[in-house]
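*Asks:* Right, I'll just put the structure down here and ask away after.
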Amino acid sequence: MSVPEDEERLLPLAQRWPRASKFLLSGCAATVAELATFPLDLTKTRLQMQGEAALARLGGSARESAPYRGMVRTALGIVQEEGFLKLWQGVTPAIYRHVVYSGGRMVTYEHLREVVFGKSEDKHYPLWKSVIGGMMAGVVGQFLANPTDLVKVQMQMEGKRKLEGKPLRYRGVHHAFAKILAEGGIRGLWAGWVPNIQRAALVNMGDLTTYDTVKHYLVLNTPLEDNIMTHSLSSLCSGLVASILGTPADVIKSRIMNQPRDKQGDFCINHQLTA
């Protein structure tokens, strides 16, 4: 009995703890990707919030007085008014979020694929199982990561609050977690979780189905082979479809997450327009 144990100690960590290794690798990859793309995420959140902020200030004339127009002008406005490094404001909770979300999603998807659904007799994993498994994995991962997503959205809006002459709400990531927990309780950390998991399910559904469909179409109907070019084109198409499907729920999620809450986790109605 001691021989297998000795042999197991000699195995690489990825083989000894496969799911833990996939969680860590997914988290590391997500961290790198988040650092590279976070300015786009910050710009997106500001664009999603500007309609709400303008409506609160100006009422019916909000459309004509919105401060930003489009992604590029929004990003340039942040750099000019707040500084270049403010493009990464809120990146720490975003990294926390991606580590939890990507790792949890990957581990859940692997478990569903290997244990719950299983492969067909010909060792093929059907598309419908990939879609259902991907949606369920996205829901689980996003639900676990909702508190970090909440802090990320609120910290992304701190620079804009400072420009508007409003007091800053948080001194840092840990202060944000503590303050949200103190003011809204445990429920407060899961504000906006319903549209958040809806977005995750739609994004994963669009991502998986589009990627597989486009890849098979390119391989069967074009001179392209199953290589990096085919995978890159499939990834571009799947990312576009996933973004289109997930954006409406993402806007709703961001608006909800930026609202103040009381200790019962309910909206503070008297502060919705001024917070």
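The values are calculated or read from the model by the stated rules, or taken from the named source; none is laboratory data. Model, not experiment: these values are computed from the prediction. Cβ sites come from the backbone with ideal geometry, for glycine too, and all protein chains shown count toward neighbours. When the accessible area is computed, the model is the full protein with side chains, heavy atoms only, and any ligands, DNA or RNA have been set aside. Shrake-Rupley method; radii C 1.70, N 1.55, O 1.52, S 1.80 Å.
*Asks:* What does the charge count around Thr247 come to, taking other residues whose C-beta lies under 15 Å from its C-beta (Lys +1, Arg +1, Asp -1, Glu -1)? Don't jump to the answer; show the numbers that get you there.
*Replies:* Working: positive: Lys44, Arg46, Arg199, Lys253, Arg255; negative: Asp41, Asp207, Asp250.
For residues surrounding Thr247, the net value is +2.
*Asks:* Checking the table Lys215/Lys253; Lys86/Lys179; Lys86/Lys152 against a 20 Å threshold on Cα-Cα, which pairs fail?
*Replies:* Over 20 Å apart, Cα to Cα: Lys215/Lys253; Lys86/Lys179.
*Asks:* Between Glu114 and Leu181, what length comes free when the chain is fully extended (0.36 nm per residue of separation minus the Cα-Cα distance, one decimal in nm)?
*Replies:* On the way: separation 67, 0.36 × 67 = 24.12 nm, distance 3.71 nm.
Extra length available between Glu114 and Leu181 comes to 20.4 nm.
*Asks:* Separate question: Given an 8 Å cut-off on Cα distances and at least 6 residues of separation, report the relative contact order of region 105-181 as a percent.
*Replies:* With pairs under 8 Å counted, the relative contact order is 25 percent.
*Asks:* Determine the gain in length on full extension of the stretch Arg255-Leu25; use 0.36 nm per residue of separation and subtract their C-alpha separation, reporting nm with one decimal.
*Replies:* Stretched fully, the Arg255-Leu25 segment lengthens by 79.6 nm.
*Asks:* Moving on to the next point. For a quick protection proxy, order the peptides 216-228, 180-192 by their average other-Cβ count within 10 Å, most packed first.
*Replies:* Top to bottom by mean Cβ count within 10 Å: 180-192, 216-228.
*Asks:* I'd like to compare 199-209, 238-248: which one has the highest average count of other Cβ atoms within 10 Å, and what's the full order after that?
*Replies:* Going by the mean number of other Cβ atoms within 10 Å, highest first, we get 199-209, 238-248.
*Asks:* Give the carbon-plus-sulfur fraction of the accessible surface of region 193-268 in %, rounded to a whole number; probe 1.4 Å, heavy atoms of protein chains only.
*Replies:* Carbon-and-sulfur percentage of accessible area, whole number: 67.
*Asks:* Turning to a different aspect of this structure: Can you give the Rg/Rh ratio of region 178-268, where Rg is from the C-alpha atoms and Rh is the Kirkwood radius?
*Replies:* Across region 178-268, the Cα-based Rg/Rh ratio is 1.26.
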